[in-house]
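These notes concern the structure reproduced below.
The values are calculated or read from the model by the stated rules, or taken from the named source; none is laboratory data. The shown structure was predicted, so the numbers you read here are calculated from the model rather than taken from an experiment. Neighbour counts are summed over all protein chains in view; Cβ atoms, including those assigned to glycine, are modelled from backbone coordinates with ideal geometry. Accessible surface areas use protein heavy atoms only, side chains included; no ligands, DNA or RNA. Shrake-Rupley method; radii C 1.70, N 1.55, O 1.52, S 1.80 Å.
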Amino acid sequence: MKLFIDDAHIEDIKRIYEYYPVDGVTTNPSILYKTGKNPLETLKEIRAFIGPDAELFAQAVAEDAEGMVKDARFITELVGKNTVVKIPSTPEGFKAIMALKKEGIRTCGTVVYTPMQAYLAAKAGASYVAPYVNRIDNMGYDGVKVVAEIQEILKNNNMDCEVLAASFKNSQQVMEIARMGCGSATASPSVIDAFVRNAAIDGAVNDFVSDFEKLTGRRTMTDLK
């Protein structure tokens, strides 16, 4: 499963890249808003850091298909061909995805709440579909189950499209997605940190260091030279 950072704060992105094996960055207008910076400069800064080969997701903001296509062209010209343009999974969005597919611009059908939204986005030519796991939970449904249903639809219909599970509130949700073999997930830095935030882990590491120090009077192997 590919793992993306769902954030646009460059310092948080740099920190996660330093410590964890991640595959790229996803953004949307709300995430860009939280930085308080010019969105175009933020996207260029992220691209400069992650390099030309990592995938960067940025969203078209226009509400009609023609405008979405124009936004997508502009975004890919701005931050490179290995940028995936997020397009809402709506009728106007499906129209835009079909047009962009013909132009060779990769898209992600976003704002996915139902399996049939994902099916239509994939059939229109999206490279990814992004179901909102926690938001689906908050509507009274099972977000993880919806992701499983979407994945089954894509697989059984031989669709060249990957699930990009999004909107997580905790690491448990991500674990369930990973267990089912989901193609990709995107999570905030705090959720990624929570993958290994565990008092038992910290305690075990501290015990090893303490025992080694008691035995040798040193704290590392190299201190024994």
All positions within segment 65-93 that are open to solvent by 10 Å² or more (accessible area, probe 1.4 Å), under 13 Å from Glu103 (Cα atoms) and touching a helix residue (DSSP H, G or I) at 6+ places or on another chain (Cβ under 8 Å):
Val69, Arg73
Out of (1) within 25 Å of Lys14 (Cα to Cα); (2) assigned to a helix (DSSP H, G or I); (3) modelled with pLDDT of 95 or more, the one Asp193 does not meet is (3)
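Whether any residue in segment 159-168 is of a type in the set (Gly, Ala, Ser) and assigned to a helix (DSSP H, G or I) is what I want to check. Step through it out loud before you land on a result.
Restricting attention to segment 159-168, the residues satisfying the condition of being of a type in the set (Gly, Ala, Ser) are 165-167.
From the residues that got through so far, the ones that are assigned to a helix (DSSP H, G or I) too are none.
Checking segment 159-168: not a single residue is of a type in the set (Gly, Ala, Ser) and assigned to a helix (DSSP H, G or I).
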Considering each of Thr110, Thr26 in turn, give the residue that is touching a Pro at 6+ places or on another chain (Cβ under 8 Å), crowded, with 19+ Cβ neighbours inside 10 Å, closer than 24 Å to Met175 by Cα and not hydrophobic (A, V, I, L, M, F, W, C).
Thr110
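Looking at Ala124, is it open to solvent by less than 30 Å² (accessible area, probe 1.4 Å), over 20 Å from the mean Cα position of the chain (by Cα) and free of Cβ contacts under 8 Å to residues at least 24 places away in the same chain? Steps first, please.
On the way: open to solvent by less than 30 Å² (accessible area, probe 1.4 Å): yes; over 20 Å from the mean Cα position of the chain (by Cα): yes; free of Cβ contacts under 8 Å to residues at least 24 places away in the same chain: no.
No.
State yes or no: is Val129 at pLDDT 95 or above, in contact with a Cys (Cβ under 9 Å, 6 or more places away or on another chain) and either outside any loop (DSSP other than H, G, I, E, B) or buried (at least 22 other Cβ atoms within 10 Å of the Cβ) (or both)?
Working: at pLDDT 95 or above: yes; in contact with a Cys (Cβ under 9 Å, 6 or more places away or on another chain): yes; either outside any loop (DSSP other than H, G, I, E, B) or buried (at least 22 other Cβ atoms within 10 Å of the Cβ) (or both): yes.
Judged against the criteria, Val129 is a match.
Restricting the search to segment 1-34, which residues are charged (D, E, K, R), in contact (Cβ under 8 Å) with a residue 24 or more places away in the chain and in a helix (DSSP H, G or I)?
Initial filter on segment 1-34 (charged (D, E, K, R)): 2, 6-7, 11-12, 14-15, 18, 23, 34.
This time we only want the ones that are in contact (Cβ under 8 Å) with a residue 24 or more places away in the chain, so: 2, 6-7, 12, 14-15, 23, 34.
Asp12, Lys14, Arg15, Lys34, listed by residue number.
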Long-range neighbours under 9 Å by Cβ, at least six apart or interchain, first residue of a type in the set (A, V, I, L, M) within segment 198-225, second at pLDDT 85 or above and loosely packed, with under 10 Cβ neighbours inside 10 Å:
none
Can we say Val85 is in contact with an Asp or Glu (Cβ under 8 Å, 6 or more places away or on another chain), over 16 Å from Ile153 (Cβ atoms) and outside any helix (DSSP H, G or I)?
yes
Going through segment 94-107 in order, the residues found to be closer than 18 Å to Thr26 by Cα and open to solvent by 50 Å² or more (accessible area, probe 1.4 Å) are Arg106
